[in-house]
1. Does A19 satisfy being closer than 21 Å to Y255 by Cα, aliphatic (A, V, I, L, M) and not in a loop (DSSP other than H, G, I, E, B)?
2. How many of the residues making up the range 221-247 are in a helix (DSSP H, G or I) and open to solvent by 10 Å² or more (accessible area, probe 1.4 Å)?
3. Filter the range 47-68 down to the residues that are farther than 20 Å from A237 by Cβ, in contact with a helix residue (DSSP H, G or I) (Cβ under 7 Å, 6 or more places away or on another chain) and not β-branched (V, I, T) and list them by number.
4. If the requirement is being buried (at least 22 other Cβ atoms within 10 Å of the Cβ), aliphatic (A, V, I, L, M) and closer than 21 Å to L67 by Cα, which of these qualifies: L256, L260?
5. Please work out which residue is nearest to K185 (Cα to Cα), limiting yourself to the range 66-76 and to residues that are touching a residue at least 40 places away in the same chain (Cβ under 8 Å) and either open to solvent by 20 Å² or more (accessible area, probe 1.4 Å) or assigned to a loop (DSSP other than H, G, I, E, B) (or both).
6. Within the set of pairs 6+ apart or on separate chains, which have a first residue in the range 2-28 that is within 25 Å of V184 (Cα to Cα) and in contact (Cβ under 8 Å) with a residue 40 or more places away in the chain, a second that is aromatic (F, W, Y) and in a strand (DSSP E or B), and C-beta atoms under 9 Å apart?
7. Residues in the range 100-108: is at least one within 30 Å of D213 (Cα to Cα), surrounded by 17 or more Cβ atoms within 10 Å (Cβ to Cβ) and among the basic types (K, R)?
8. For the range 115-128, what are the residues that are part of a helix (DSSP H, G or I) and open to solvent by 50 Å² or more (accessible area, probe 1.4 Å)?
Amino acid sequence: MIELGVNSVLFGGYDFATAAKYIALAGYDGIEISAIKGMCEHLELDRWREQADKLRNIVAENGLKFLSMEVASLDEDRLTKAFEAGAEIGIPIVNVGPGGKADADGDLERQIDLLAKMSEKAETYGITLCVKAHVGLAIYNTPTTLKAMDSIHSPAFGIDMDPSHIYRAGEDPAQALMQVIGRVKHIHIRDCLGRNTGPGIPANQACGRGDIDLMAYCKVMVDNDYSGPVCLEVIGANDLELPEVVAIAAESRGYLNACLKALGAR
């Protein structure tokens, strides 16, 4: 079954217990814990052992499960700690960005090599490492994603398919998803208005508020028997009042759940 979750970065202005409480109240199945340095560190990788029991208890008390962790960085030391933490706490997927710069000479090849190396390391911990196409970085569209898929053979490597980045790269997200679905092991999801560099204000990242045909995107998931996590990832919300943050989470869950129910997947 497709499981719906929220990246706790949406609740970056609040502690993890608050995030878990309201993610559960909004009706989600699980949570993606943010370990993004400089943005939101609900999981502090430098002290994960001190946090492990508390984080597990918070998730269990709210009837949730850990779906994934976002680290973003490809720094080997941070990723090693992420793999250790994931294996111990029970977080099966670690999500990263590709790094490098779009169309810069040699960057795509270098970043693919690094992803291959870190995927092999993830495999030793029983963790899946997923990367997503990201506007402005070395992997930023379907052709660059396909090149990574063709070059990285570890079973611990997967694609984290984010429709907002693909849409802002000028592509149709549903058509793009069809081309990579065989290696997709995680989905970050949000909406956006227009094809700007950034995703826009947090409210307009709520699913159903933007220009992306998310129903068509969900249909590709369902038609291809995707059964991994689908986690709402809304950034830029650290200064929002708690009711505003909860509204984004709840509205998005209602929209996605309705889409998946209409497709017979919930």
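The values are calculated or read from the model by the stated rules, or taken from the named source; none is laboratory data. All values reported here derive from a predicted model rather than from experimental measurement. So basically every Cβ, Gly included, is an ideal-geometry build from the backbone, and we count neighbours across all protein chains shown. The accessibility values were calculated without ligands, DNA or RNA, using every heavy atom of the protein model including side chains. Shrake-Rupley method; radii C 1.70, N 1.55, O 1.52, S 1.80 Å.
1. Answer is yes for this residue.
2. Qualifying residue count, the range 221-247: 7.
3. W48, A52, L55, R56, G63, K65, F66
4. Only one candidate qualifies: L256.
5. Among those residues, the one meeting the criterion is L74.
6. Going by the 9 Å Cβ cut-off, the qualifying pairs are G5/F66.
7. The answer is no; no qualifying residue exists.
8. Of everything in the range 115-128, those that are part of a helix (DSSP H, G or I) and open to solvent by 50 Å² or more (accessible area, probe 1.4 Å) turn out to be K117, E120, K121, E123, T124.
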